Amino acid sequence: MNGRSPVQDKLQRKWIYEEIVDYIPPFRWLPPVFDVIAQLLLVETVGVLAFIYFQMPVEAAVYGSLAILYTVVWSAGCLYVIPWLRRLRDPTNKLERKVLQDYKSRLLLDRKFELIGGVLCLGAVIIYLLYDSEYLQFFLGAGFGNPLLAILILVLAWDISYRMGLSMVTALFTAWRSISLSSAARKRLGLAYTAYSEVRTLKYLDMINIFWGLSALLLLPLAMGSYFLLLGLAAFLVGTLGLSTLSLMAMETVPWFPPDVESILNYERFAYVTVCSKDQPLVTPVIFVYDGKYLYFATSVASAKYRIIKKNNKVAVLVDMRDRENRMKNRAVLLRGKGMILGEISLKGIFKLFLYGLWLLRVRMLFGRKYPQYMKYYEEKAQELPPAWQNKPFLSRLIVRVEPEKITYWREARPTTLRA
Amino acid sequence: MTLTLPQRNHTKITESIPEAARKLLREGFFAYLGTSEPGCEPHVTAMFYIWDEHENFLYLVTSKESKKVSNIRRNRNVSVTIDVRDSSSPARNSGVMIRGVAFLVEMEVAYEYLMLEYMEKYMDFLGTGYPLGSRIAIRVTPRSISYWKGTEFYRWKKPRKKL
């Protein structure tokens, strides 16, 4: 089901930077972490030598170092992120698979897209420097006009442009991918979906993208000297950060489970919660709500569930559709994962309330909407009920949030294991 | 509103298995079997069952390769819940929870009349072509039985054998 994707099967093509790291001597001998440090030391040494030889102003050294630092930070990010992207497994939904494969092949296999941003950026910078040579003169001091130094500056300018251009292109493709993935995810049928671990990885990478974009702030002092460069940098920051945020928000709308599972979780009214203590399992029926990500059920402080979950938070929840007449209508979902108790009166519990309090209000609203008769009953009969049943939030009723890790789906007694 | 915790024990201890619980066990259709994997990781599935009125055993039938059978081979403690659910009022919910020890019984060895009863109970549901050959029966001997109806809780515990 999750075979190797064509991207992996083709001769693996890497970004120019990665190829340099793989093939050029000082780097090819070193592991990735040292690659970055070696790069920093090497470029910085050249920079310092140039600084001493040409007697440049101090600002040039400081700002230049910051620029070098930017290239290094970017490289570190690149060496960290790209392998993750290559390892991504394919969704079972055709449309989503296509979106992800297009994204990967555009980003990782097409050198045209890799270079276009850098070339445009470098072109703009060179034209600007030719037009406004005073800016360069200020930094270079006595060395202005020396061909060797010109080459050095050009290399540094290319290094930065390549990285900024690639960041921009990546951000653009990422936003495009997230939006199309989110719309493809809404057209899922049956059991087709993107495993949530993959969605989580993509979201995590988007988050890193934001920091990646922010690292361009290191170039700020260098750009302060000129209106044009400052404008360019600002445009870059707004562009990458905006696109990355957009992408992150689009990924947030991708549902966690395939539609068959979601429909059971949304429409079925009872769940069977199993907890385990001292190798003795315990099954109890509960009412529950599902908010698109987690499953919540209520329990009371007097219950065995509460005592056990506090000690062992592993929980299995079975939600099933049952019908005595029609065999085809019997389906079930088993979610297994960690349970978290919310609403406790304790130091930790109050801290959690602070974190999840608003969301708990939403969960309460969901309960009210799904079980109107139950909530009415709890309100009307409040006095007659045993204390453990009274629906007093925080005092006797607690909410347990289950984060699914493993999912099994049954249809007519035939199990299918899905990856969370 | 005072900050007192609700009393933990409002469960009534009974001498014998309550008649209502027996009735529920006879009439229920699906049982939920909870087993545990190594590391006390719980697992739960819906199953078919037969309640043996005379011996107080519960028989569940499943396929030999299923996860629960491999769990029971490692850890014999199980829990079975059979309940009547009503989505209009919690007061009408009732159920039985059995905690006990499971034994695996090959179908050939399982009592014939129980199997007949089993086929009779689920015949309409299973239809023809039910693969009896790859099935195995799980016999659950209750150690304790909890029964609830609305807000009332009862609990029966198997008396200890006198030596």
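The values are calculated or read from the model by the stated rules, or taken from the named source; none is laboratory data. This one's a predicted model, so the numbers in the text were calculated from it and none came from an experiment. Here the Cβ positions follow ideal geometry from the backbone for every residue, glycine too, while neighbour counts run over all protein chains shown. SASA here: full protein model, heavy atoms, side chains in, ligands and nucleic acids out. Shrake-Rupley method; radii C 1.70, N 1.55, O 1.52, S 1.80 Å.
For segment B:61-70, in order, what is each residue's ³J(HN,Hα) by Karplus, 6.51 cos²θ - 1.76 cosθ + 1.60 with θ = phi - 60°, in whole Hz (x at glycine and Pro)?
Taking θ as phi minus 60°, the curve returns 10, 8, 8, 5, 8, 5, 4, 5, 5, 5 Hz for segment B:61-70.
Among the listed pairs A:K310/B:K12; B:K12/B:K68; A:K203/A:K311; A:K352/B:K149, which have their C-alpha atoms separated by more than 29 angstrom in this model?
Working: A:K310/B:K12 25 Å; B:K12/B:K68 32 Å; A:K203/A:K311 32 Å; A:K352/B:K149 34 Å.
Table pairs above 29 Å Cα-Cα are B:K12/B:K68; A:K203/A:K311; A:K352/B:K149.
Would you mind getting me the FRET efficiency between A:R362 and A:M249? Use the beta-carbon distance for r and R0 = 25 Å, nearest 0.05. Present the calculation step by step, with values, prior to reporting the outcome.
Numbers: r = 18 Å, r/R0 = 0.74.
Plugging the Cβ-Cβ distance into 1/(1 + (r/R0)^6) gives 0.85.
Taking amide hydrogens as modeled 1.01 Å from N in the peptide plane, which residues meet the under 5 Å criterion relative to B:T14, leaving out close sequence neighbours?
Placed amide hydrogens put B:R155, B:W156, B:K157 under 5 Å from B:T14.
Once you list every other residue whose beta carbon is under 12 Å from the beta carbon of A:P281, what net charge do they have if Lys and Arg are +1 and Asp and Glu are -1?
Numbers: positive: A:K278, A:K305, A:K314, B:K68, B:R76, B:R99; negative: A:D279, B:E37, B:E41.
Combined, the nearby Lys, Arg, Asp and Glu give +3.
Which whole-number percentage describes the relative contact order of segment A:112-267, with Cα contacts under 8 Å and a sequence gap of 6 or more? Please list the in-between numbers first.
Numbers: 140 pairs, mean separation 51.2, N = 156.
Relative contact order of segment A:112-267: 33 percent.
How large is the dipole of chain A about the Cα centre if only Lys and Arg carry +1 and Asp and Glu carry -1, each at its Cβ, rounded to the nearest 20 debye?
On the way: 52 positive and 33 negative charges, 543 e Å.
My answer is approximately 2600 debye.
State in Å² the accessible area per residue of segment A:146-186; use a 1.4 Å probe, count heavy atoms of protein chains only, and round to the nearest integer.
On the way: 1700 Å² over 41 residues.
Ligands and nucleic acids excluded, the figure is 41 Å² per residue.
Over segment A:235-343, give the accessible area per residue in Å² for a 1.4 Å probe, as an integer. Could you put the intermediate results ahead of the total?
Values: 3860 Å² over 109 residues.
Using a 1.4 Å probe on heavy atoms only, each residue of segment A:235-343 averages 35 Å².
Which value in deg cm²/dmol, rounded to the nearest 500, describes the helix-derived mean residue ellipticity at 222 nm for chain A, given -39,500 (n - 2.57) per DSSP H run of n ≥ 4 and division by the residue count?
Values: 16 runs with 253 residues, N = 420.
It lands at -20000 deg cm²/dmol.
Size of the dipole of segment A:170-237 about the Cα centre, Lys and Arg at +1 and Asp and Glu at -1 on the beta carbon, nothing else charged, in debye to 20? Spell out each step's value before the answer.
Working: 6 positive and 2 negative charges, 77 e Å.
Roughly 360 debye, rounded to the nearest 20.
Using only atoms on other chains, find how many Cβ atoms lie within 10 Å of each Cβ of peptide B:42-53 and report the average. Before the final figure, lay out the partial values.
On the way: counts 15, 10, 16, 11, 10, 1, 1, 0, 0, 0, 0, 0.
Per residue, the average neighbour count from other chains is 5.
I'd like the carbon and sulfur percentage of the solvent accessible area for segment B:13-74, probe radius 1.4 Å, heavy atoms only, ligands and nucleic acids excluded.
Working: 1230 of 2570 Å².
The computed percentage sits at 48.
Suppose the chain between A:I16 and A:D110 were pulled fully straight at 0.36 nm per residue; how much longer would it get relative to their current alpha carbon spacing? Each step should come with its number before you reach the end.
Working: separation 94, 0.36 × 94 = 33.84 nm, distance 1.12 nm.
Going from the current span to full extension adds 32.7 nm.
For chain A, which whole-number percentage of the solvent-accessible area (1.4 Å probe, protein heavy atoms only) is attributable to carbon and sulfur atoms? Mind dumping the intermediate values first?
On the way: 13820 of 20790 Å².
The nonpolar share, carbon plus sulfur, comes to 66 percent.
Enumerate the calculated ³J(HN,Hα) couplings along segment A:277-287 in order (Karplus 6.51 cos²θ - 1.76 cosθ + 1.60, θ = phi - 60°), each rounded to whole Hz, writing x wherever the residue is Gly or Pro.
9, 6, 6, 10, x, 9, 10, 9, x, 9, 9
Could you report the buried accessible area between A and B, both sides summed, computed with a 1.4 Å probe and given in Å² to the nearest 100? Display every interim value, and only then the final one.
Working: alone 22870 and 10730 Å², together 29410 Å².
What A and B bury together is about 4200 Å².
Taking the Cα atoms only, what angle lies between the long axis of helix A:196-214 and the longest principal axis of chain A, rounded to 10 degrees?
Roughly 40 degrees between the two axes.
Counting only protein chains, not ligands or nucleic acids, how are A:I37, A:I399 ordered by accessible area (probe 1.4 Å), most first? Before the final figure, lay out the partial values.
Values: A:I37 80, A:I399 35 Å².
Largest accessible area first, the list is A:I37, A:I399.
Quick check: with the 1.4 Å probe, what order do B:T35, A:T92 take by accessible area, largest first? Display every interim value, and only then the final one.
On the way: B:T35 0, A:T92 45 Å².
Final ranking, largest accessible area leading: A:T92, B:T35.
Order A:K305, A:K376, A:K94, B:K149, most accessible first, counting only protein heavy atoms with a 1.4 angstrom probe.
From most accessible down to least: A:K94, A:K376, B:K149, A:K305.
Cα to Cα, under 18 Å, and not fewer than 8 places away if on the same chain: which aspartates and glutamates meet these conditions relative to A:K98?
Qualifying aspartates and glutamates at Cα under 18 Å: A:D9, A:D90, A:D110, A:E198.
What does the average come to when, for each residue of peptide B:74-85, you count the partner chain Cβ atoms lying within 10 Å of its Cβ?
Working: counts 1, 4, 1, 6, 4, 8, 2, 7, 2, 5, 1, 5.
The mean count of partner-chain Cβ atoms within 10 Å per residue comes to 4.
With heavy atoms of protein chains only and a 1.4 Å probe, what residues of segment A:281-309 have at least 20 Å² less accessible area in the full set of chains than alone?
Residues meeting the cut-off: A:P281, A:L282, A:V283, A:P285, A:V301, A:A302, A:R307.
Just for the Cα atoms in chain A, what are the lengths along the principal axes, largest first, rounded to whole Å?
Projected onto its principal axes, the Cα set of chain A covers 91, 47, 38 Å.
Keeping every protein chain present and rolling a 1.4 Å probe, give me the accessible area per residue for segment A:6-130 in Å². Show your work: numbers first, answer last.
Values: 6860 Å² over 125 residues.
On a per-residue basis, segment A:6-130 sits at 55 Å².
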